[in-house]
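Report on the structure given below.
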Amino acid sequence: MFKKRHPKVGARPGTLVIAEDAPSPKIRMVSFNPDDVREEEVDDPETLRGAFDESMVTWIDVQGFGDETTIRKIGEVFSLHPLVIEDVVNAPQRPKAETYEDQLLLIVRAVRSLGDGVTDLEQVSIILGRNYVLTFQERYGDVLEPVLGRIRSGKGLMRRRGADYLAYAIFDTIVDAYYLVLEDIGDGLEQLEDVVVTDPSPDLLKRLNRTKNQLINLRRSIWPQREAVNSLIRDQN
């Protein structure tokens with residue numbers, strides 16, 4: 001579940017509010033073309049200037065916001081608007097798509113099931129540039145690992161397409177995870193149907209309420225993401 005973090009009323013635009021327990025940023029840079037893949041763990045954000053190599057498509061994945069200096073340095077390297085950095089770090093933001101000069105910002109929510117009726121939601125920000133994609137995740141995780149696997153394998157279209165296709169693949173992977181969670185919820189409801197008949201109890205009511213809350217939270221995440229995608233489609237017409 002999200003815990004809202006917003007600047008104080010009257011704070012200047014671009015103010016970042018970082019939780020004290022936020023993990024330190026882990027940065028991974030993956031560059032690829034049809035013939036080659038390069039992976040690198042990045043300690044110095046200056047290294048990220050390699051993302052402007054136009055012979056490669058580059059994906060920079062940042063996990064954790066626990067160092068404001070590092071986050072702002074990344075913003076400097078990629079000339080990110082202060083409001084972009086604010087939206088990325090001050091989670092949660094409503095899922096949306098916004099254009100900033102030669103960059104596109106897409107904010108979405110990734111979901112995964114933790115079992116026992118518990119659903120975890122995390123904000124993922126995707127920034128599409130000319131030949132690079134930046135992703136920002138609040139905490140460490142492997143939600144985007146399937147995309148990296150496709151890059152490594154060299155199969156399909158991934159390494160033959162540009163940064164826009166990479167951004168699409170990242171968003172598509174996030175959306176696919178919703179189907180898995182919905183399948184888990186569906187299986188749980190089928191089990192509850194049997195229990196309603198054979199063994200109704202106060203505990204059953206609690207489980208039904210948890211499932212109801214899961215579905216409400218998913219709807220709150222899915223609906224604005226649909227609006228964000230529709231806005232992208234309209235902008236292309």
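The values are calculated or read from the model by the stated rules, or taken from the named source; none is laboratory data. As the structure is a prediction and not an experimental result, all values here were calculated from the model. Every residue, glycine among them, receives a Cβ derived from its backbone with ideal geometry; neighbour counts consider all protein chains shown. Surface accessibility is based on the protein's heavy atoms, side chains included, excluding ligands, DNA and RNA. Shrake-Rupley method; radii C 1.70, N 1.55, O 1.52, S 1.80 Å.
Some observations on this one:
- On a per residue basis, the convex hull of the C-alpha atoms belonging to region 65-204 measures out at 140 Å³.
- Cα long-axis angle, helix 202-235 against the chain (0 to 90 degrees, to the nearest 10): 30 degrees
- Total charge dipole magnitude, the chain, about the Cα centre, Cβ charges on Lys, Arg, Asp, Glu only, Debye to nearest 20: 700 debye
- The C-alpha atoms of region 68-124 occupy a region whose extents along the principal axes are 43, 25, 13 Å, arranged from largest to smallest.
- Label point at V229 placed 7 Å out along Cα→Cβ; residues across region 150-183 whose backbone nitrogen lies under 17 Å: 165-183
- Pairwise Cα distances in region 94-143 exceed 19 Å in 36 percent of cases.
- For region 123-176, the Kirkwood hydrodynamic radius comes to 11.6 Å, computed from all pairs of different C-alpha atoms.
- Amide H within-cut-off set for Y132, under 5 Å, with H built and near neighbours excluded: T58
- Computed with a 1.4 Å probe over protein heavy atoms only, the accessible surface of the chain comes to 56 Å² per residue.
- Note on the chain: with neighbouring protein chains present and a 1.4 Å probe, carbon and sulfur make up 50 percent of its accessible heavy-atom surface.
- Nearest-ten-degree value, helix 68-77 long axis tilted from longest Cα axis of the chain: 50 degrees
- Viscosity 0.890 mPa s, temperature 25 °C, Stokes-Einstein D of region 12-86 from Kirkwood C-alpha radius, µm²/s: 184 µm²/s
- Kirkwood Rh and Cα Rg combined as Rg over Rh, evaluated for the chain: 1.02
- Two-site FRET efficiency, D164 against E40, from Cβ-Cβ distance with R₀ of 22 Å, rounded to 0.05: 0.45
- Nearest-ten-degree value, helix 163-198 long axis tilted from longest Cα axis of the chain: 10 degrees
- Taking label points 7 Å from Cα along the Cα-to-Cβ direction, D176 and T211 give a separation of 2.7 nm.
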